[in-house]
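Below is one structure, written out as structure tokens; the observations come after it.
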Amino acid sequence: MTTIGAALLGACSPSSDADYNTVHVDPAQARAQAQIDRAAAAQGARTAARSGLPVATTTPTSAGARKLPVAFQGYWGRTPGDCALANVDAQGRLAIEADQLRFFRQRARVDALGELSANEVDATLSFKHDDTRWTHPTRLTLEQGGTRLLMVEQGDAGRPGQTARYQRC
């Protein structure tokens, strides 16, 4: 046997350090298998196979219950000039974030939210302008394929409500 042939044969030979009985399993797969094993032990293998594994559900938080749908979020303007970012005096600009609305000189925090449809929500908004605060129910409706926003604020005896129409910037 030549020296090259012996070297190749030696490279293919198993080393004495190799452990062919060890299988490396991804940690996520190991956790999933452990959950399957626990369910089978608790319910019995047949019942676990029929009913499936218990699914962890997230508990809704107060912040999650107040989050406006993504379709409503973004910048809106009452006029085309309000959408120009260079216009620092855009009094008709509205920025809608997950849990608040920012107007030119006031903010409104979402206190409660009810989703009527994919394009319409009822929100209880807490407005703040300088040192003045008030809370009004407000309906937000997306129109024309999400390019227009109708905001109808219900007023009360102390402060009248307003209706405004915006275009997406």
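Overview of results
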{"read-out": "Test: residue in segment 118-126 that is loosely packed, with under 13 Cβ neighbours inside 10 Å and more than 19 Å from the chain's Cα centre (by Cα)", "value": "no"}
{"read-out": "Qualifying residue in segment 155-165 (condition: over 30 Å from Ile36 (Cα atoms), under 20 Å from the mean Cα position of the chain (by Cα) and among the hydroxyl-bearing types (Ser, Thr, Tyr))", "value": "no"}
{"read-out": "Selected residue [within 18 Å of Arg66 (Cα to Cα) and assigned to a loop (DSSP other than H, G, I, E, B)] from Ala112, Ala98", "value": "Ala98"}
{"read-out": "Subset tally (residues that are part of a strand (DSSP E or B) and either β-branched (Val, Ile, Thr) or open to solvent by 80 Å² or more (accessible area, probe 1.4 Å) (or both)) for segment 127-147", "value": "7"}
{"read-out": "Verdict on Gly155 being within 21 Å of Phe72 (Cβ to Cβ), small (Gly, Ala, Ser) and part of a loop (DSSP other than H, G, I, E, B)", "value": "no"}
{"read-out": "The listed residue being open to solvent by less than 50 Å² (accessible area, probe 1.4 Å), modelled with pLDDT of 90 or more and under 26 Å from the mean Cα position of the chain (by Cα), out of Gly92, Gly74", "value": "Gly74"}
{"read-out": "Within segment 158-169, considering residues that are touching a residue at least 40 places away in the same chain (Cβ under 8 Å) and assigned to a strand (DSSP E or B), the one most open to solvent (accessible area, probe 1.4 Å)", "value": "Arg165"}
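The values are calculated or read from the model by the stated rules, or taken from the named source; none is laboratory data. Here the structure is a predicted model, which means the values were calculated and not measured. For neighbour counting, all protein chains shown are included, and Cβ atoms are generated from backbone atoms with ideal geometry for every residue, glycine included. Ligands, DNA and RNA are stripped out before the accessible areas are found, and what is left, the full protein with its side chains, is counted by its heavy atoms. Shrake-Rupley method; radii C 1.70, N 1.55, O 1.52, S 1.80 Å.
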